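A short worksheet on the structure shown next.
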Amino acid sequence: MKLSDIHLRDPFIFAENGVYYLYGTRRGATTKVIPWQGLDVYTSTDLTEWSEPRECFTRPADFWSDRDFFAPEVHKYRGAYYMFASFRSETRLRCSQILKSDSPLGPFVPFSDGPITPKGQACLDATFYVDDRGVPWTAYCHEWTQIGNGTIDVMPLTPDLTRPAGEPKTILRAGDVPWAYSLNAVRGQFVTDGPFFRKGKNGKLYMLWSSFRAGPQHFYVQALAVSDSGSILGPWRHADRFIYDEDGGHGMIFDGFDGNSYLILHTTNVNPNERPRLFKVRETDDGFEIEGHSRKPGAGPYPLSQLQSRILREAKWVTDYVRDNNFKYGDAPMNPAIDHDAKLVSCDRLVDWVMYRVGFTDQVERQGMVVYHATEKARDLPGWCELQGFARIEDVDRLEPGDIVFVRPGTSSAGVVYPQHTFLFAGYAEGAGDDRLSFRYDCGKNERIQSIQPSCEPLCDFIFAYRPCN
């Protein structure tokens, strides 16, 4: 069978003695129902034709987990084969455990003293790395479902791999990455998936990992972090290019018997369409790349996740400030609220913009189209956050194409402008001169806020803009 015929996620290839062994997360053949009773291995001698699946781990009757058998990967260590895989039960959070076999074909049996990841943490995607001193490490993802801003943590293991040999240390937080997309912007939920380590010929240590990127489609991507020191403890920095950014990831790199190095990942990231995909990869001075698939994060007009996240934090701060200080509009108290389902919304050429409101919450007829703000002076309140990495533009005459612009509808704007609200729109400046503020703002109707022109009454009032600093 071909790789395209194999339905699995999180692929991992172990190569030894002329045979490639492929492991991964089972998926249902035609439905979303997954048979969580074991894990499979496929074999090949040429990376083209693959065997039928063979179960290499069968759930023992007394095994603590009965679901979510995720992301198995196999490593050879001291003459034996160790599988790192993730599991869950109805009464236990997802965590990773080590299995052992005397063959890459299995059968693998539980080996470590229970789950290897910390008790009480929701974890997955544990991997294995032995450093230059011979110290074994595991790295795993502390899940965004529990902590919001997902992390990748590392922890030394005892030489026999039965238990941790030290406390975990966080080496990456997804929300700190400039291109990351939040699954829930208000709660700051950023995904970390699939860490994998590869030592470079230059002595640098590289970590492949996956998350979702900001932009019009929020694709799942194969990203890369770099430890220039070569240490698993870092410090780590983010490579300026994705390895793959077309809705695929959770990959790893291995050396083929033909002298080439390969990346295998799954794409797309949507069930039931996931399939493993193989690429030749070459090492560069600062990582790895696939011809035609190494993209700069934020290429095009979407390098804005830091700005988006900051705007949301500012919005929440304003709501709290208004509530805590009993602001009023006239004789009526303000009812500050931040939409429970507030999210970033893709919008033609717009920055993925946010919806929030402060003020009265009745008579709101344009929800989903605008950002509600308590007062135009909110940015002058104590605690208003300025942005690092973005220059603030206060003068409409200084706008340049590509600036992220915030405007308020003027009196000629279509629809009702309630006095108790300041409607705040966000978009890109597309032109210069009289066309500085021509940009799309409504993802439903594709209506446009026309340009501010000094010779006529504007349809919107310029408030301020941000320009990414190069």
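The values are calculated or read from the model by the stated rules, or taken from the named source; none is laboratory data. Just so it is clear, the structure is predicted and the values come from calculations on it, not from any experiment. So basically every Cβ, Gly included, is an ideal-geometry build from the backbone, and we count neighbours across all protein chains shown.
List of remarks:
- Selection within the range 253-269 - without any contact (Cβ under 8 Å) to a residue 60 or more places away in the chain and surrounded by fewer than 17 Cβ atoms within 10 Å (Cβ to Cβ): Asp258, Gly259, Asn260, Ser261, Thr268
- Arg88 being at pLDDT below 95 and more than 20 Å from Leu265 (Cα to Cα): yes
- Filter result (touching a Lys or Arg at 6+ places or on another chain (Cβ under 8 Å) and either surrounded by 14 or more Cβ atoms within 10 Å (Cβ to Cβ) or among the β-branched types (Val, Ile, Thr) (or both)) within the range 270-289: Glu274, Glu283, Asp286, Gly287, Phe288, Glu289
- Taking the criterion of being of a type outside the set (S, T, N, Q), outside any strand (DSSP E or B) and under 13 Å from Ser89 (Cβ atoms), the residues of the range 56-73 that qualify are Arg59, Asp62, Phe63, Trp64, Asp66.
- Check on Ser101, small (Gly, Ala, Ser), over 26 Å from Pro195 (Cβ atoms), in contact with a strand residue (DSSP E or B) (Cβ under 9 Å, 6 or more places away or on another chain) and surrounded by fewer than 22 Cβ atoms within 10 Å (Cβ to Cβ): no
To keep it simple, each residue is scored yes or no on (1) modelled with pLDDT under 95; (2) assigned to a strand (DSSP E or B); (3) in contact with a helix residue (DSSP H, G or I) (Cβ under 6 Å, 6 or more places away or on another chain).
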| site | (1), (2), (3) |
| --- | --- |
| Arg92 | yes, no, no |
| Lys100 | no, yes, no |
| Leu105 | no, no, no |
| Thr127 | no, yes, no |
| Cys141 | no, yes, no |
| Thr145 | yes, no, no |
| Met155 | no, yes, no |
| Leu161 | no, no, no |
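- Any hit, the range 214-222, residues being within 28 Å of Met83 (Cβ to Cβ), in a loop (DSSP other than H, G, I, E, B) and either touching a residue at least 12 places away in the same chain (Cβ under 8 Å) or more than 12 Å from the chain's Cα centre (by Cα) (or both): no
- If the condition is being outside any strand (DSSP E or B) and either at pLDDT below 85 or buried (at least 16 other Cβ atoms within 10 Å of the Cβ) (or both), then the range 202-213 contributes only Lys204.
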